[in-house]
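Input: a single structure, listed below in structure tokens.
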Amino acid sequence: MQNLKHLIFGLLLIISSNSFAQTILETPNVESKLYVGDGVNQPLIVGLGGSEGGNAWTSDYWKKTRDQFIEKGYAFLAIGYFGAKGTPDKLEKIAIEDVHYAIEVAKKNKKINKENIAIIGGSRGADLALLLGSYYDDIKGVVAIVASNVTFPGNTNHFTTSTWTYQNKELPFVPVNDEAVPYLMKNDLRGTFEAMLQDSIAEEKALIKIEKINGPILLISATKDEVSPSTPMAEKMITILKTYNFKHKYEHIAIEGGHSAPLKHFDLVFKFLETNFSK
């Protein structure tokens with residue numbers, strides 16, 4: 001019996017050593033779940049999913065990667081900004097200040113180092129990560145996976161509204177032009193975006209101002225991206241950062257494969273954060 005008690009006590013110690021607090025935050029129009037480890041002064045990683053909607057980083061699929069962040073000493077904030085409970089139904093006119101407010105709420109946790117916040121986003125979530133970094137200087141690092149260099153229309157049937165808003169105003173976006181319609185009818189997404197980006201004037205107006213980001217930037221693209229021209233768009237962003245003599249570390253890694261291929265290379269993300277995102 002005594003040996004059994006010791007065994008149970010040992011198991012409890014193992015369980016407790018691998019556990020961390022999970023809190024659902026009260027954040028209007030945004031679903032927010034905060035995961036915090038046992039340490040103090042934990043840097044905060046904010047995770048944003050893409051056009052699949054919901055709160056991707058709370059899923060079983062991402063649990064292993066999410067737990068790795070906790071084990072490495074980070075706190076993790078999983079955010080759903082549409083298609084989740086209490087959020088807009090569509091990826092259209094999403095208020096970026098609502099997402100930033102969720103980060104502000106998370107910063108109130110006493111275990112979090114509010115001076116060290118980085119955002120990781122994939123696809124449309126990568127666009128949002130870059131936007132948040134360009135609008136809010138408390139964001140000290142951005143990892144953008146298969147990101148766009150511009151704002152595109154919201155995912156509606158008419159494509160006439162922006163994906164994002166700020167202070168109740170739609171952000172400028174690259175519209176669907178006549179050249180893009182044939183590709184859109186064939187459901188050729190990459191062809192659609194490439195045709196839209198032929199409108200250089202609209203592209204210039206819709207550029208995400210990445211040069212304003214207050215920390216290191218990692219761009220990861222896919223060379224054979226079937227959804228968007230992520231590698232050429234990343235190359236354009238690198239050119240902008242060079243033009244502005246961007247003072248923080250920046251890097252672009254092009255992964256061989258399709259739109260989801262970079263998601264298999266989170267070792268690159270961990271390495272970049274460890275090297276360039278201060279703890």
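The values are calculated or read from the model by the stated rules, or taken from the named source; none is laboratory data. What you see is a predicted model, and the numbers here were worked out from it, not measured in a lab. Cβ: placed from backbone, ideal geometry, glycine included. Neighbour counts: every protein chain shown. Accessible surface is based on the protein model in full, side chains and every heavy atom, while ligands, DNA and RNA are left aside. Shrake-Rupley method; radii C 1.70, N 1.55, O 1.52, S 1.80 Å.
Numbers for the structure displayed
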{"quantity": "Surface accessible to a 1.4 Å probe, residue 94 within the full protein complex, Å²", "calculated": "10 Å²"}
{"quantity": "Diffusion coefficient, µm² s⁻¹, Stokes-Einstein with Kirkwood Rh over alpha-carbon pairs of the chain at 4 °C and 1.567 mPa s", "calculated": "67 µm²/s"}
{"quantity": "Per residue solvent-accessible surface (Å²) - the chain, probe of 1.4 Å", "calculated": "49 Å²"}
{"quantity": "Residue-averaged [θ]222 nm for the chain, counting only DSSP H segments that reach four residues, each worth -39500 (n - 2.57)", "calculated": "-10500 deg cm²/dmol"}
{"quantity": "Accessible surface of region 189-279, 1.4 Å probe, proportion on carbon and sulfur as whole %", "calculated": "52 percent"}
{"quantity": "Equivalent ellipsoid semi-axes - Cα gyration tensor, region 194-272, angstrom", "calculated": "21, 20, 8"}
{"quantity": "Within the chain, longest stretch free of exposed GluC sites (Glu not before Pro) [DSSP loop, at most 10 other beta carbons within 10 Å]", "calculated": "27-255"}
{"quantity": "Descending principal axes extents, region 181-221, alpha-carbon based, whole Å", "calculated": "40, 24, 10"}
{"quantity": "For region 212-255 versus region 46-65, the gap between their alpha-carbon centres in whole angstrom", "calculated": "22 Å"}
{"quantity": "Distance between modelled label sites at residue 72 and residue 26, nm, 7 Å Cα→Cβ extension", "calculated": "3.4 nm"}
{"quantity": "GNM top mover of 29, 245, 157 - the chain, alpha-carbon springs below 10 Å", "calculated": "157"}
{"quantity": "Per-selection Rg to Rh, region 145-279 - Cα, Kirkwood hydrodynamic radius", "calculated": "0.99"}
{"quantity": "Cα-centred dipole magnitude for region 176-225, charges only on beta-carbon of K, R (+1) and D, E (-1), debye, nearest 20", "calculated": "260 debye"}
{"quantity": "Inter-label distance, nm, simple model (7 Å from Cα along the C-beta direction), residue 51/residue 198", "calculated": "2.0 nm"}
{"quantity": "Over 26 Å (Cα to Cα) - which of 90/114; 64/247; 72/236; 224/264 fall in this group", "calculated": "90/114; 64/247; 72/236"}
{"quantity": "Coil-residue trypsin sites (Lys or Arg not before Pro) of region 53-102, DSSP, other Cβ within 10 Å capped at 13", "calculated": "85"}
{"quantity": "Evaluated at q = 0.15, 0.19, 0.20 Å⁻¹: base-10 log I(q)/I(0), Debye formula over Cα of region 30-157", "calculated": "-0.63, -1.03, -1.14"}
{"quantity": "Residue (of 102, 144, 113) at the positive-pole extreme of region 98-232, dipole from beta-carbon charges", "calculated": "113"}
{"quantity": "Computed lengthening from residue 214 to residue 160, 0.36 nm per intervening residue step minus Cα-Cα distance", "calculated": "16.3 nm"}
{"quantity": "Antiparallel %, DSSP beta bridges [both residues in the chain], to 5", "calculated": "35 percent"}
{"quantity": "Fraction of beta bridges assigned by DSSP in region 151-262 that are antiparallel (%, nearest 5)", "calculated": "35 percent"}
